[in-house]
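Novice: I'd like to ask you about the structure that follows.
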Amino acid sequence: SETAENNYYIKSLKFTYKLTTTSTYVSGDVITYAQVTAATLSAYVFELNNVLTIDSLKINGILQTVTTTGVVRKVSLSSSLSSGSFFTAQVFYHGTSPIGTGFFTSGLNQSVLASGTHIMYSCRDSDWALDWWPCKQSITDKIDSGDMWVTVPDSTKVGSNGLLQSVTSVAPGYTQYKWKTKYPIDYYLISVAVAPYVDFSSYMHFSGS
């Protein structure tokens, strides 16, 4: 990871996306809620593959200018943040995540099964998170909690980390799935998958004894 990424600690993440099973195109935004760990934070630095386009970025709700050097994205703050202070970074972006050459060879993968079924899914690898979301690539910073809100066509369902909180019709032909995890998690273990899943639910009922 970039050294400057170690100047802050991620408390929580919120993903809001539109996805399909037919491509690795992603559009939406990611909110990072973090705390400054350095004496001062003069720049917010993160990583995102440069094939993905940042539409805008806000720090504490205020639009900022982003500079790019390869996969490293940097926002120079007009006023430095002091140690221990909290801040929110929201990145709006879009683009087609790089497609690998096999079933598990890139951040987002899209495949057509022998049955003709289309599926799209992320790969849990420490080098590929930046291929689909604006991240801090450090295994020493476990993220406390995360929300994954994904809108997909009605013919598909979304799987992600944690527990499914709600399934809501948001527009004709589209449904939003909201997943939440509340346990510390490494950045590269955050996942999403879209497919025409069949939902099987079962319950274990314990006796009163």
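Novice: Over the chain, what is the relative contact order in percent, taking alpha-carbon pairs closer than 8 angstrom and at least six residues apart?
Specialist: So the answer I get is 23 percent.
Novice: Send over a whole-number figure in Å² for the accessible area per residue of the range 1-49, probe 1.4 Å.
Specialist: So the range 1-49 comes to 37 Å² accessible per residue, rounded to a whole number.
Novice: A further question follows. Pop the C-beta distance of Thr88 and Thr67 into the FRET formula with R0 = 22 Å and round what comes out to the nearest 0.05.
Specialist: Approximately 0.65, to the nearest 0.05.
Novice: So what J values fall out for the range 14-22 if you push phi through Karplus, 6.51 cos²θ - 1.76 cosθ + 1.60 with θ = phi - 60°, rounded to Hz, Gly and Pro as x?
Specialist: Along the range 14-22, the couplings run 9, 9, 10, 10, 10, 9, 9, 8, 9 Hz.
Novice: I would also like to ask the following. How big is the equivalent ellipsoid of the range 69-209 along its three axes, where each semi-axis is √(5λ) from the Cα gyration tensor, reported in whole Å from largest to smallest?
Specialist: 30, 23, 16
Novice: If you don't mind, another one. Under a GNM of the chain (C-alpha, springs under 10 Å), which listed residue has the highest mean-square fluctuation: Leu48, Leu108, Leu189?
Specialist: Leu189
Novice: Putting +1 on Lys and Arg Cβ atoms and -1 on Asp and Glu Cβ atoms, find which of Ala114, Gly159, Ile62 reaches farthest to the positive end of the dipole of the chain.
Specialist: Ile62
Novice: Hey, how much of the P(r) for the range 95-177 falls beyond 14 Å, as a percent of Cα pairs?
Specialist: More than 14 Å apart: 71 percent of the Cα pairs in the range 95-177.
Novice: Sticking with this structure for a sec: Among the aspartates and glutamates, which fall within straight-line cross-link reach of Lys74, defined as a Cα-Cα distance under 15 Å, with same-chain neighbours fewer than 8 residues apart omitted?
Specialist: Lys74 reaches Glu2, Glu5, Glu47, Asp55.
Novice: Let me ask something else about it. Can you tell me the FRET efficiency between Ser201 and Lys18 if r is taken as the Cβ-Cβ distance and R0 is 30 Å, rounded to the nearest 0.05?
Specialist: 0.70
Novice: Next question. Treat every Asp and Glu Cβ in the range 93-209 as -1 and every Lys and Arg Cβ as +1, leave all other atoms uncharged, and give the resulting dipole magnitude about the Cα centre to the nearest 20 debye.
Specialist: Dipole magnitude for the range 93-209 comes out near 200 debye.
Novice: Give the relative contact order (percent, whole number) for the range 1-111; include only Cα pairs under 8 Å separated by 6+ residues.
Specialist: Averaging sequence separation for qualifying contacts and normalising by length gives 32 percent for the range 1-111.
Novice: So, one more: Cross-link partners among aspartates and glutamates for Lys58, C-alpha distance below 13 Å, same-chain residues fewer than 8 apart left out?
Specialist: Asp29
Novice: Further question: Lysines within cross-link reach of Lys157: Cα-Cα under 21 Å, excluding same-chain residues under 8 positions apart?
Specialist: Of all the lysines, those that pass the test against Lys157 - Cα under 21 Å, at least 8 places apart if same chain - are Lys14, Lys18, Lys178, Lys180.
Novice: With the contact rule set at Cα under 8 Å and sequence spacing of 6 or more, what percent relative contact order holds for the range 159-203?
Specialist: 40
Novice: What percentage of the solvent-accessible surface of the range 103-173, computed with a 1.4 Å probe over protein heavy atoms, is contributed by carbon and sulfur atoms?
Specialist: Ligands and nucleic acids excluded, carbon and sulfur give 57 percent.
Novice: Please report, in debye to the nearest 20, how large the charge dipole of the chain is about its Cα centre when each Lys and Arg carries +1 at its beta carbon and each Asp and Glu carries -1 there.
Specialist: Computed about the Cα centre, the dipole is about 340 debye.
The values are calculated or read from the model by the stated rules, or taken from the named source; none is laboratory data. Only a predicted model underlies this, so the values are computations on that prediction, with no experimental measurement involved. Every residue, glycine among them, receives a Cβ derived from its backbone with ideal geometry; neighbour counts consider all protein chains shown. Please note that ligands, DNA and RNA were not included when accessible areas were found on the heavy atoms of the full protein model with its side chains. Shrake-Rupley method; radii C 1.70, N 1.55, O 1.52, S 1.80 Å.
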